[in-house]
Structure formats: structure tokens, C-alpha cells
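Derivation of every value follows stated rules applied to the coordinates shown; laboratory data play no part. Bear in mind the structure is a predicted one, so any value in this text is a computation, not a measurement. With ideal geometry, Cβ positions are generated from the backbone for all residues, glycine too; neighbour counts draw on all protein chains shown.
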Amino acid sequence: MREELSDLALFMTVAEEKSFTQAATQLGLSQSAVSHAIRRLEASVGIKLLNRTSRRVSTTDAGEKLLAALRPGLGMINTRIEELRLLGDTPRGLVRIATSKPALRTILWPKLSRIISDYPEIQIELNLESRLTDLAEDRFDAGVRLREFVSPDMIAVKIGPPIRLAAVASPQYFQQHGIPEHPDDLDNHACLALRFHAHASIYDWEFEKDGEELVKKVSGPFIFSESDIAIEAAKAGHGIAFVTETEVIDNIENGSLRRVLSDWCPPFDGYYLCYSGRRNLSSAFRLVIDRLRYEQA
């Protein structure tokens, strides 16, 4: 019975990783040991559970049915074990998070900095380049995303208040080119575009007022991958940037940037921490989730 339970847990890891090599790495076993255990399990149940090719591993129909039965049971066991560990163990280990600079600066950093001070055995990796990639494939524990970018199979935990976007440019730019009164006026302005991922399309600017929604495809002298550079370009007079309000509130207050179309930029749902519900959560990651969770006042 003990051997069969071990083989079942190993089978679930291989099926979810879709790779003997990655499963072996995750479990700290040799690839041959993993292959042997799967053959032993298939011999025990008398049916093939995995299809193997040189590039990919996939479940058979029987394997998919077995996987569906295992997930809730083994997932519950792992959850209870982690809860017991939290009762007596100090959270420790590496937590990997893919995020963006605005979310890091305004939401994550103040709280994560305190976590590291309180729990020196936790290590946190913050990656600013992979916020829109496959979290499981790149082996991130979680990603920070806007709600619209969270896939349905992910667990999403709200970690910040509603946010607003702001269209801003230097006072000198508006003196020279005039002030847009309506989003359609942006067609006659230099807009500092953003492309957040190498293979993504340029980010469309979205506006809403009195139930009317407008999506503008913008163009201008620059296309940036990070909003902070777009803000610098706006301050230098190259055009209008469209970024989160928190990134430019100080510039608006000190006069280096002027905001326009604010009545077309209502607040919307903020940032979420998203992660796979099928992933075993370490005590360190559970602590991070708890500390980041947004509690509305």
C-alpha cells in the first residue's frame, strides 16, 4: 500500500509536469527511478496511463480519469501536511514571483520587505521580465496581474486597491500641441505606446465615461516595454503617456506632468496574485499570500 501511494503521487507529478525529467527534478529522483515507478504502477493497474514521445508526455484516457481522482485527495493531504508544518516550523525557502515594476513598487515591496525582516529564512525572487509568461512552465510560484489577464484555471487573490490610469504629458507639450478634450483627439497627438511582451501587440488605451467605452489604438515616436521610461519620455516633451495614477501622482503635483482626460479614466479592479490551485504550497508561499492579501478598510 505504501509503495502504491508513492507511485500514485509520482504519477500525478509526471502527468502535471508532462515530463519525466521535470518530475524527477521536482521530486529529487533520477529519471530512471521515475520511469520504473510508472511502469510498476501501470503493471499494477493493468492499463497504460501515459503516452510517451521523445518530446512530450501526455495522459491516456485512463490516466486522465485516474489523475482527476487523485488531485482532490492528494491535494487535500498535502494541504493538511503544510498546515501542520506551519504550526511548528518557521517558514523558510524560496518564493518566486513574476511581476511588473508598478506593482512591485506600490504593492509588493513594502510588504515583502517586512516579510524578509520578520522571517530571514525566506528568500524571495522578483522577476520583472516574465509577468505574462506561463507561470508553471517557468516555475514561478505566482504572478502579479490585472484581473483580465488571470486565466480561469488560476487562483486569484486581490492584493491591492482599485487603480486608475492617467494620460499625462509635460506642460510644454500641451502648450505646443494643444490639450485633448476627448479620447478621439489623441489621433492628432504623439502617444507613447507600450508593448509589455516581445510577442504581444501594442497596448490599446481604454477609456470610459457615462457608460460609453472607447478603445484607442495609438501611435507615436516611441514604443516602450516599461512604463517608467514612457514617463521619462513624457516629462521630456516627446508625447502623452498612459500609465497608472500612482506612478505619476508626484509628477502631477509638482507640475512636471499635466493630466488630461481624467473624466474618461474611472477606477477599475487592481492587482491580483495568481497561482495554480494544483500546486503544493510551501509554508513560505502561504505566508506571502497571507501578508499580500488586500483587506479593504
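Label point of residue 21 set 7 angstrom out along Cα-Cβ; within region 30-74, amide nitrogens under 12 Å from it belong to 31, 54-57. The Cα-based radius of gyration of region 232-297, divided by its Kirkwood radius, gives an Rg/Rh of 1.16. With each label modelled as a point 7 angstrom along the Cα→C-beta vector, the residue 149-residue 31 pair spans 3.4 nm. Here the translational diffusion coefficient of region 2-87 follows from Stokes-Einstein with Rh set to the Kirkwood radius across Cα pairs; for 37 °C and 0.692 mPa s it amounts to 246 µm²/s.
Highest mean packing first, where packing is the average number of other Cβ atoms within 10 Å per residue, the peptides 161-168, 60-67 line up as 161-168, 60-67. Dipole of region 165-264 computed with +1 at Lys/Arg Cβ and -1 at Asp/Glu Cβ about the Cα centre; of 168, 221, 186, farthest Cα towards the positive end is 221. When the Cα centres of region 103-132 and region 190-264 are compared, how far apart do they sit, in Å? Comparing the Cα centres of region 103-132 and region 190-264, I get a distance of 26 Å. Couplings 3J(HN,Hα) for region 204-212, derived from phi with the Karplus relation 6.51 cos²θ - 1.76 cosθ + 1.60 (θ = phi - 60°), are 6, 8, 10, 10, 8, 7, 6, x, 8 Hz, where x marks Gly and Pro. Compared with the dominant Cα axis of the chain, that is its longest principal axis, helix 109-118 is turned about 40°. Based on Cα contacts under 8 Å between residues 6+ apart, region 165-264 shows a relative contact order of 45 percent.
Note on the chain: with charges restricted to the Cβ of Lys and Arg (+1) and Asp and Glu (-1), its dipole about the Cα centre is near 1240 debye.
With label points built 7 Å along Cα→Cβ from the Cα atoms of residue 101 and residue 254, find their separation and express it in nm. Output for this residue pair reads 1.6 nm. Each peptide in 4-13, 37-46 receives the mean, over its residues, of other Cβ atoms within 10 Å, and ordering these scores from highest gives 4-13, 37-46. Residue ranges 231-244, 114-127 sort as 231-244, 114-127 when ordered by packing (mean number of other C-beta atoms within 10 Å per residue, highest first). Straight Cα distances below 12 angstrom link residue 101 to the aspartates and glutamates 129, 226, 228, 247, with same-chain residues fewer than 8 positions distant left out. Kindly flag which residue pairs out of 111/216; 18/48; 111/217; 158/217 have an alpha-carbon separation exceeding 25 Å in this structure. Over 25 Å apart, Cα to Cα: 111/216; 111/217; 158/217.
Contact order, relative form, for region 2-87: 26 percent (alpha carbon pairs under 8 Å, 6 or more residues apart, mean separation divided by residue count). Taken one residue at a time, the phi angles of region 241-246 give Karplus couplings (6.51, -1.76, 1.60, θ = phi - 60°) of 9, 10, 9, 6, 4, 5 Hz. Gly and Pro are set to x.
For percent of Cα pairs over 25 Å apart, the candidate list reads [x] 63; [y] 59; [z] 50; the entry that matches the value derived from this model is [y]. Along the charge dipole of the chain, Cβ charges K/R +1 and D/E -1, which of 294, 59, 43 sits furthest on the positive end? The listed residue farthest towards the positive side: 43.
With contacts taken as Cα pairs under 8 Å and at least 6 residues apart, the chain reaches a relative contact order of 22 percent.
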